[in-house]
Amino acid sequence: MVRVLRVVATGSAPPAGAQVRVIKPVQVYHVGKFKDGLNLEGRVGTVVQDVSSYEGKVLSATLPYKVEFSVDGEGDKPVKVLAHVEADEIELADPLEQFCEEDPSADECRVYE
């Protein structure tokens, strides 16, 4: 609970809708298509909810951020994965960095020396 209060007090909590990247190994086993588990490290997802408070009351959620990921599964359709993570397991994702990973030849992604 102390960890949750620290995050709320510093104002560093990512808001709902923010893009975040998982920066530590986080293994989830609740996704049926990944029976051996799924490591979320390095994946970018969207914060769905901060569950550390409810109706103005601070809760003792140990994994306060509910994040949705879209993961390529077997077949054509991506699999939606919801996972709860701690504040120190995620960081805000840079939209430009993500854009450049998808299209490195874009003018916005050029590196000049």
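The values are calculated or read from the model by the stated rules, or taken from the named source; none is laboratory data. Here the structure is a predicted model, which is why all the values come from computation and not from measurement. Cβ placement follows ideal geometry from the backbone for every residue including glycine, while neighbour counts extend to all protein chains displayed. Each accessible area value is taken on the protein alone, full model and side chains, heavy atoms only, with ligands, DNA and RNA left out. Shrake-Rupley method; radii C 1.70, N 1.55, O 1.52, S 1.80 Å.
Observations
- Residue that is surrounded by the most Cβ atoms within 10 Å (Cβ to Cβ), among those in region 40-63 that are over 18 Å from Pro25 (Cα atoms) and free of Cβ contacts under 8 Å to residues at least 24 places away in the same chain: Tyr54
Rundown of residues vs (1) in a loop (DSSP other than H, G, I, E, B); (2) modelled with pLDDT under 90; (3) over 16 Å from Val85 (Cβ atoms), yes/no style:
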{"residue": "Pro14", "(1), (2), (3)": "yes, yes, no"}
{"residue": "Arg21", "(1), (2), (3)": "no, no, no"}
{"residue": "Lys24", "(1), (2), (3)": "yes, no, no"}
{"residue": "Lys33", "(1), (2), (3)": "yes, yes, yes"}
{"residue": "Gly42", "(1), (2), (3)": "yes, no, no"}
{"residue": "Gly45", "(1), (2), (3)": "no, no, no"}
{"residue": "Gln49", "(1), (2), (3)": "no, no, no"}
{"residue": "Leu63", "(1), (2), (3)": "yes, no, no"}
{"residue": "Glu68", "(1), (2), (3)": "no, no, no"}
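- Residue check, Lys66 under 19 Å from Val20 (Cβ atoms), open to solvent by 70 Å² or more (accessible area, probe 1.4 Å) and of a type outside the set (Gly, Ala, Ser): no
- Enumeration of residues in region 71-82 that are assigned to a strand (DSSP E or B) and in contact (Cβ under 8 Å) with a residue 12 or more places away in the chain: Val71, Val79, Lys80, Val81, Leu82
- Count of region 83-108 residues which are open to solvent by less than 80 Å² (accessible area, probe 1.4 Å), touching a residue at least 12 places away in the same chain (Cβ under 8 Å) and either at positive phi or not charged (D, E, K, R) (or both): 6
- Unmet requirement for Lys24, which otherwise passes all of (1) among the basic types (Lys, Arg); (2) out of contact with any strand residue (DSSP E or B) (no Cβ under 7 Å at 6 or more places or on another chain); (3) open to solvent by less than 60 Å² (accessible area, probe 1.4 Å): (3)
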